[in-house]
Amino acid sequence: MNSRTTKKPAPKKLVTAFKRAGAEIASSWVDGKIKRESGISYREITFVLADSQQITLRVKQTGDVYQVRMNNKVLPIKEQDDIKAALSEVVKALDANATKYQRTLARRKVELPKGMQSTVKRKEVALQEREFELDTRIAEAQAELVALQGGE
């Protein structure tokens, strides 16, 4: 794999700054590939939080963050000049969006990968077989009981 396309860990200072602002970062990385959109070349620094929300910072080659995306949607930042205020603004937006995001995840249907089968159907079949086996044993026991009672 080319070194330009590998994902590297995000800068520790940036991770620490997010943690100080109140975010619980689960993982983070810098996409090594330079992308271009609307005439601007940038790299993406992605942070995944503990509740699986995602923040992506699009950083120009000069080191300036020109766009912040929260869960793949553009997040406007009011305090662009003050880094601490901007980070706290991002964390507040994440906190405000947490319940809405969790509801969205809960509604999303998860499809099983090809070749994988649901274990619920297997358990259902196994339980039906076990029920049939127990019913036959009960019938045998009742027949034996009737035979014993008739023999007395």
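Quick rundown of the values:
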| item | result |
| --- | --- |
| Options Val90, Val120; residue that is surrounded by 16 or more Cβ atoms within 10 Å (Cβ to Cβ) and either closer than 19 Å to Leu14 by Cβ or out of contact with any strand residue (DSSP E or B) (no Cβ under 9 Å at 6 or more places or on another chain) (or both) | Val90 |
| Among the residues listed as Thr136, Thr119, the single one being more than 30 Å from Asp51 (Cα to Cα) and among the hydroxyl-bearing types (Ser, Thr, Tyr) | Thr136 |
| Single condition Glu111 does not satisfy, out of (1) open to solvent by 80 Å² or more (accessible area, probe 1.4 Å); (2) over 23 Å from the mean Cα position of the chain (by Cα); (3) farther than 18 Å from Glu24 by Cα | (2) |
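The values are calculated or read from the model by the stated rules, or taken from the named source; none is laboratory data. This one's a predicted model, so the numbers in the text were calculated from it and none came from an experiment. Here Cβ is always computed from backbone atoms with ideal geometry, including for glycine, and neighbour counts include all displayed protein chains. These accessible areas exclude ligands, DNA and RNA; they are computed on the full protein's heavy atoms, side chains included. Shrake-Rupley method; radii C 1.70, N 1.55, O 1.52, S 1.80 Å.
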